[in-house]
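Only one structure is covered here, and it is reproduced in the block below.
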Amino acid sequence: MDRAADAPEHLTQSADSTRVNDYDSFAQAYSAETENSLVNAYYERPAMLALAGDVAGRRILDAGCGTGPLSAALRDRGAVVTGIDASAEMLALARRRLGDDLALHLVDLRDRLPFADGAFDDVVASLVLHYLEDWGPTLAEMRRVLRPGGRLIASVDHPFVAYMISKPRPDYFATTGYDFNWMLNGRSVPMRFWRKPLHAMTDAFTTAGFRLSAISEPQPDPAARELFPDGFHDLSTKTTFLFFVLDVPPPAAGSVDESAVDNERSQNPPASTEHAQ
């Protein structure tokens with residue numbers, strides 16, 4: 001699993017669903033496409049960093065780190081970052097970018113995370129949750145590895161996007177999967193996302209034990225106005241992504257904070273059995 005590229009501009013509606021979301025097969029092309037793109041470099045990543053704020057000294061899990069651009073930006077701002085992704089090829093590219101001083105692990109977000117309870121101050125999930133039909137197990141694991149007072153900062157495909165472009169238009173209130181093709185460097189790659197209504201997203205967060213702190217629909221970085229004049233206007237006037245900040249509430253008075261008991265171990269998250277080389 002990994003973050004999405006500028007999907008709305010590359011949609012066709014008949015993806016080959018036999019090998020959808022196969023990032024290992026197009027990691028290099030994806031990295032080149034999104035490195036400096038309007039939607040990724042001047043909209044989604046700046047928005048995530050703005051929501052994260054001052055991260056100096058914070059232990060951050062980049063869930064679906066891909067080739068590592070967000071991990072690199074967080075590290076450069078003083079965070080202690082651990083990256084996980086389900087694509088070995090994407091992690092290989094991340095290793096080239098990040099060097100050996102940042103932990104990277106091959107992990108599918110549908111599985112149990114190989115970290116102790118309360119191991120992180122923040123989890124960032126950049127354009128990754130919409131690859132999952134059921135958010136419940138993944139959010140529960142993210143909640144588990146966050147300390148009380150920690151944060152989940154997430155971006156997803158805006159639920160209005162698929163609702164507006166799909167024909168026939170789907171039931172807005174249903175969770176529906178949809179297939180499409182991305183064009184990357186002249187190659188068509190099949191993808192599948194899951195669209196949820198807004199209330200289903202917020203219900204999933206609260207069911208997992210998070211408290212909603214902010215919902216954001218930000219504007220792109222003004223620096224992109226001259227670089228992408230046509231695209232900037234389009235991105236400034238239509239829905240693309242939706243951003244959330246979720247807090248882990250502190251324990252109730254008199255209750256035992258289990259993560260505090262394991263605090264020493266959580267300061268140094270254990271290595272995964274599947275470590276990216």
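The values are calculated or read from the model by the stated rules, or taken from the named source; none is laboratory data. Here the structure is a predicted model, which means the values were calculated and not measured. When we count neighbours, we look across all protein chains shown, and the Cβ atoms used for this are built from the backbone with ideal geometry, even at glycine. Accessible surface is based on the protein model in full, side chains and every heavy atom, while ligands, DNA and RNA are left aside. Shrake-Rupley method; radii C 1.70, N 1.55, O 1.52, S 1.80 Å.
Data overview
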quantity: With every protein chain in place, region 49-113: carbon and sulfur % of accessible area (1.4 Å); calculated: 45
quantity: Added length on full extension, which subtracts the Cα-Cα distance from 0.36 nm per residue, Arg77 to Asp24; calculated: 16.2 nm
quantity: Inter-site label distance for Leu227 and Phe160 at 7 Å from Cα along Cβ, in nm; calculated: 2.5
quantity: Whole-percent carbon and sulfur share, accessible surface of region 126-206, 1.4 Å; calculated: 56
quantity: Long-range amide H partners of Val20 with built H, under 5 Å; calculated: none
quantity: Surface accessible to a 1.4 Å probe, per residue, for the residues of region 95-171, Å²; calculated: 38
quantity: Cut-off 17 Å (backbone N to label point 7 Å along Cα→Cβ of Ser213), residues of region 41-66; calculated: 47-63
